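**Student:** Let me give you the structure first, and then I'll get to my questions.
The values are calculated or read from the model by the stated rules, or taken from the named source; none is laboratory data. Since the model is a prediction, treat every value here as computed from it, not as a measurement. With ideal geometry, Cβ positions are generated from the backbone for all residues, glycine too; neighbour counts draw on all protein chains shown.
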């Protein structure tokens, strides 16, 4: 069981980083994430989404992301995509116990990323 979860965690990181390189030209590392977060922390999208994650409403945060993607103007898509990548990156950094406590799973992270790939690639 542990091996499968570890494998899924690595797969999620791989897909997130592939998308990050495609859309930003940079791989996401803990250091680059801190830099990116400091650059976009002003974003209302960022604030709202990560506040929901903080209080354990990950599904609601994910719903907000997909709603924003569907309704956002073209010139703001790169910002919401960056917020989305950070969202999934940060979720994947959580322990399995923390995800379960917040009623989410690694499989749901991967499903969300796959949906994002379909929308942007």
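Yes or no, residue by residue, for (1) surrounded by 13 or more Cβ atoms within 10 Å (Cβ to Cβ); (2) under 16 Å from residue 117 (Cα atoms); (3) in contact with a strand residue (DSSP E or B) (Cβ under 9 Å, 6 or more places away or on another chain); (4) modelled with pLDDT under 80:
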residue	(1), (2), (3), (4)
1	no, no, no, yes
36	yes, no, no, yes
41	no, no, no, yes
45	yes, no, no, no
49	yes, no, no, no
52	yes, no, no, no
77	yes, yes, no, yes
81	yes, yes, no, no
86	yes, yes, no, no
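**Student:** On to the next question. For the range 29-73, enumerate the residues that are part of a loop (DSSP other than H, G, I, E, B) and under 21 Å from residue 17 (Cα atoms).
**Tutor:** Scanning the range 29-73 gives 29, 41.
**Student:** Picking from 103, 107, which residue would you name as being over 20 Å from residue 37 (Cα atoms) and outside any helix (DSSP H, G or I)?
**Tutor:** Only one candidate passes the filter, namely 103.
**Student:** Restricting to the range 112-121, name every residue that is exposed (fewer than 12 other Cβ atoms within 10 Å of the Cβ) and in a helix (DSSP H, G or I).
**Tutor:** Correct list: 114, 118.
**Student:** Here is a follow-up. Please state which of the following conditions residue 14 fails to meet, knowing it meets all the rest: (1) closer than 24 Å to residue 118 by Cα; (2) surrounded by 12 or more Cβ atoms within 10 Å (Cβ to Cβ).
**Tutor:** The one condition residue 14 does not meet is (2).
**Student:** While we're on this one: Which of (1) at pLDDT 80 or above; (2) surrounded by 17 or more Cβ atoms within 10 Å (Cβ to Cβ); (3) touching a helix residue (DSSP H, G or I) at 6+ places or on another chain (Cβ under 7 Å); (4) assigned to a helix (DSSP H, G or I) is the odd one out, the single condition residue 9 does not satisfy?
**Tutor:** Of the numbered conditions (1) at pLDDT 80 or above; (2) surrounded by 17 or more Cβ atoms within 10 Å (Cβ to Cβ); (3) touching a helix residue (DSSP H, G or I) at 6+ places or on another chain (Cβ under 7 Å); (4) assigned to a helix (DSSP H, G or I), the odd one out for residue 9 is (2).
**Student:** Return the residues of the range 16-56 that are over 16 Å from residue 92 (Cβ atoms), touching a helix residue (DSSP H, G or I) at 6+ places or on another chain (Cβ under 7 Å) and without any contact (Cβ under 8 Å) to a residue 12 or more places away in the chain; say none if nothing qualifies.
**Tutor:** If the condition is that a residue be over 16 Å from residue 92 (Cβ atoms), touching a helix residue (DSSP H, G or I) at 6+ places or on another chain (Cβ under 7 Å) and without any contact (Cβ under 8 Å) to a residue 12 or more places away in the chain, then 26 is the only one that fits.
**Student:** What is the number of the single condition among (1) in a helix (DSSP H, G or I); (2) under 15 Å from the mean Cα position of the chain (by Cα) that residue 76 does not meet?
**Tutor:** (2)
**Student:** What is the one condition in (1) within 25 Å of residue 10 (Cα to Cα); (2) touching a residue at least 12 places away in the same chain (Cβ under 8 Å) that residue 64 does not satisfy?
**Tutor:** (1)
**Student:** Take residue 94 and decide whether it is free of Cβ contacts under 8 Å to residues at least 40 places away in the same chain, in contact with a helix residue (DSSP H, G or I) (Cβ under 7 Å, 6 or more places away or on another chain), buried (at least 16 other Cβ atoms within 10 Å of the Cβ) and over 18 Å from residue 121 (Cβ atoms).
**Tutor:** For residue 94, the condition - free of Cβ contacts under 8 Å to residues at least 40 places away in the same chain, in contact with a helix residue (DSSP H, G or I) (Cβ under 7 Å, 6 or more places away or on another chain), buried (at least 16 other Cβ atoms within 10 Å of the Cβ) and over 18 Å from residue 121 (Cβ atoms) - is not met.
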